[in-house]
Amino acid sequence: MNTFDDYDPNPPETDELEAHLQTKRMVVNLGPSHPAMHGTVRMRVELEGETIISADPEIGFLHRGFQKSCENVTWTQCLPYTDRLNYVSAIMNNFGFLKAVEKLLGIEIPERAKWIRVLASELHRMQDHLTCVGAIGLELGGFAPFLYGIQGRELIMDRVSELCGARLTTAYGRIGGLNRDLPEGWKEKCLKSLDKIRELCVEIDGLLTKNRIFVDRMRGTGVISAEDAIDFGFTGPCLRACGVNFDLRKAKPYWVYDQIDFDVPVGENGDNYDRYLMRIEELKQSDRIIRQCLEKMPEGPVMVDDWRVAFPPKSEVYGTIEGVIAQFKLVMEGVQVPAGELYDATEASNGELGWYIVSDGGGRPYKVHVRAPGFPILSGVPRIIEGKMLADLIPTFDTINMIGGEVEQ
């Protein structure tokens, strides 16, 4: 039995005690079936206790040959493939690719089409952020925020399906503009959905942002410095969370972003909590942008009037030989894009979505390469989590918002 005489006022240091423990490092596979590992990702993690010594992310085998598939179809037929890159905000990939092709063609799309592209892109930015924020809450034990986020996403999907006829993969854009104009009564439905989503965002904010458990799991975890983030090629909310104020909508405005009043939120700490806050604030800014688009959008066509690019009206196809020939050549041969190459980019929901395209002057791409924002961010995960606790990997992987389709193109 211990007595007062057994008391040692100078106990051995913790490190000295641990030195005598019989321990060895353990290698654990997280994924691809683990719920925290999205898509087909496998994370090979070497642990010492619960501390991550090394991490090796393997992106898996979702490869669908995106680039080669695009090189074997016409420029317009690439659109279904682009939708399946980031399938959570598909329309942004759709429009980003078209913007690059139109730049190579040297054409300007109608003014109304520019406003609708901005509007639809911001709707899908909100859809992406709602999904991400909801998933963060769910995987840290908060089921209610997830339900609110998915409810908001469903409202957006309803509006998108009315706009383009599909909920997930849109194929709404066309070289030279859009497939169709806004449906009748759609503006009122969209405003009503935005009002409801704003209420849902207030609920999510109230449940998570100052929740003691949530804040303790997020703040100070998954930290990366601005210098490291830039070196890895981070863009979007993950870069802005580090204090770097870079957004292509402001740095290099396209379509009508220079005519819209909105702010770009910037963080300070580069941790999981700041990456979460970036998306909460961007939801508010996207709401502002969409409302301005609905208010300021002019009337007019949504497609260029050029039969070398756009399908002729059906009355011309059925009633004139010129219309028949133009329709036939666009379907069978595709839009003839002048020979050349370029790189063009847009600000997608997760960062810079860049397109390097090469044309040999024909109706099919000679080369298509996409600079998806998720790939460089995923490559920085080992730097972020090595030396940290295993539990910190879950919120970190959520806040980088890796989408398998764009990473594993």
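Of all the numbered requirements in (1) closer than 30 Å to ASP274 by Cβ; (2) at pLDDT below 95, SER315 misses one, and that requirement is (1).
Of GLY177, GLY206, which residue is at pLDDT 95 or above, closer than 30 Å to PRO301 by Cα and of a type in the set (Gly, Ala, Ser)? Being at pLDDT 95 or above, closer than 30 Å to PRO301 by Cα and of a type in the set (Gly, Ala, Ser) holds for just one of GLY177, GLY206, which is GLY177.
Pairs are defined by a Cβ separation below 8 Å, a sequence spacing of at least 6 or placement on different chains, a first member in segment 294-315 that is without any contact (Cβ under 8 Å) to a residue 60 or more places away in the chain, and a second member that is among the hydrophobic types (A, V, I, L, M, F, W, C) and part of a loop (DSSP other than H, G, I, E, B); the pairs so defined are ARG308/VAL335. Taking each residue of segment 256-276 that is aliphatic (A, V, I, L, M) and looking for partners that are surrounded by 17 or more Cβ atoms within 10 Å (Cβ to Cβ) with beta-carbon atoms closer than 6 Å, six or more apart or interchain, yields VAL256/LYS114; VAL256/TRP115; VAL256/VAL118; ILE260/ILE289; ILE260/GLN292; VAL264/ASP247; VAL266/ARG240. Taken over segment 58-83, residues that are outside any helix (DSSP H, G or I) and either modelled with pLDDT of 90 or more or crowded, with 22+ Cβ neighbours inside 10 Å (or both) amount to 5. Residues that are free of Cβ contacts under 8 Å to residues at least 60 places away in the same chain and part of a loop (DSSP other than H, G, I, E, B) within segment 208-236 comprise LYS210, ARG219, GLY220, SER225, listed in sequence order. The requirement of being farther than 26 Å from PHE262 by Cα, modelled with pLDDT under 95 and not charged (D, E, K, R) is not satisfied by LEU147. Close contacts from segment 339-354, counting a first residue that is under 18 Å from LEU119 (Cα atoms) and a second that is among the acidic types (Asp, Glu), with Cβ to Cβ under 6 Å and a gap of 6+ residues or different chains, come to ALA345/GLU352; GLU347/ASP247; SER349/ASP128. Considering only residues in segment 386-407 that are in a loop (DSSP other than H, G, I, E, B) and out of contact with any strand residue (DSSP E or B) (no Cβ under 8 Å at 6 or more places or on another chain), the one that is nearest to MET218 (Cα to Cα) turns out to be ASN401. Only residues that are on the phi < 0 side of the Ramachandran plot and part of a loop (DSSP other than H, G, I, E, B) were counted in segment 311-340, giving 10. Just to be sure before I move on: is ARG275 surrounded by 20 or more Cβ atoms within 10 Å (Cβ to Cβ) and not aliphatic (A, V, I, L, M) in the structure I sent? Considered against the rule, which asks whether it is surrounded by 20 or more Cβ atoms within 10 Å (Cβ to Cβ) and not aliphatic (A, V, I, L, M), ARG275 comes out as yes. The requirement of being surrounded by fewer than 23 Cβ atoms within 10 Å (Cβ to Cβ) and in contact with a strand residue (DSSP E or B) (Cβ under 6 Å, 6 or more places away or on another chain) is not satisfied by LEU138. Residue count for segment 84-101 under the criterion of being surrounded by fewer than 23 Cβ atoms within 10 Å (Cβ to Cβ) and farther than 21 Å from GLY405 by Cα: the result is 0.
For segment 247-261, filtering for residues that are hydrophobic (A, V, I, L, M, F, W, C) and part of a loop (DSSP other than H, G, I, E, B) leaves 3.
Within segment 287-310, the set of residues being surrounded by 15 or more Cβ atoms within 10 Å (Cβ to Cβ) and part of a loop (DSSP other than H, G, I, E, B) comprises MET297, PRO301, VAL302, VAL304, TRP307, VAL309, ALA310. Being touching a residue at least 24 places away in the same chain (Cβ under 8 Å), part of a helix (DSSP H, G or I) and touching a Cys at 6+ places or on another chain (Cβ under 9 Å) is the requirement here; does ASP205 meet it? No: the conditions fail for ASP205.
Scanning segment 369-385 for residues that are among the small types (Gly, Ala, Ser), in a helix (DSSP H, G or I) and either within 13 Å of the chain's Cα centre (by Cα) or surrounded by 22 or more Cβ atoms within 10 Å (Cβ to Cβ) (or both) yields a single hit, GLY374.
You will find that of GLY142, GLY134, GLY149, the residue that is touching a Pro at 6+ places or on another chain (Cβ under 7 Å) and farther than 29 Å from TYR356 by Cα is GLY134 and no other.
The values are calculated or read from the model by the stated rules, or taken from the named source; none is laboratory data. Since we're looking at a predicted model, the values are computed, not measured. All Cβ positions, glycine included, derive from the backbone under ideal geometry; neighbour counts span all protein chains shown.
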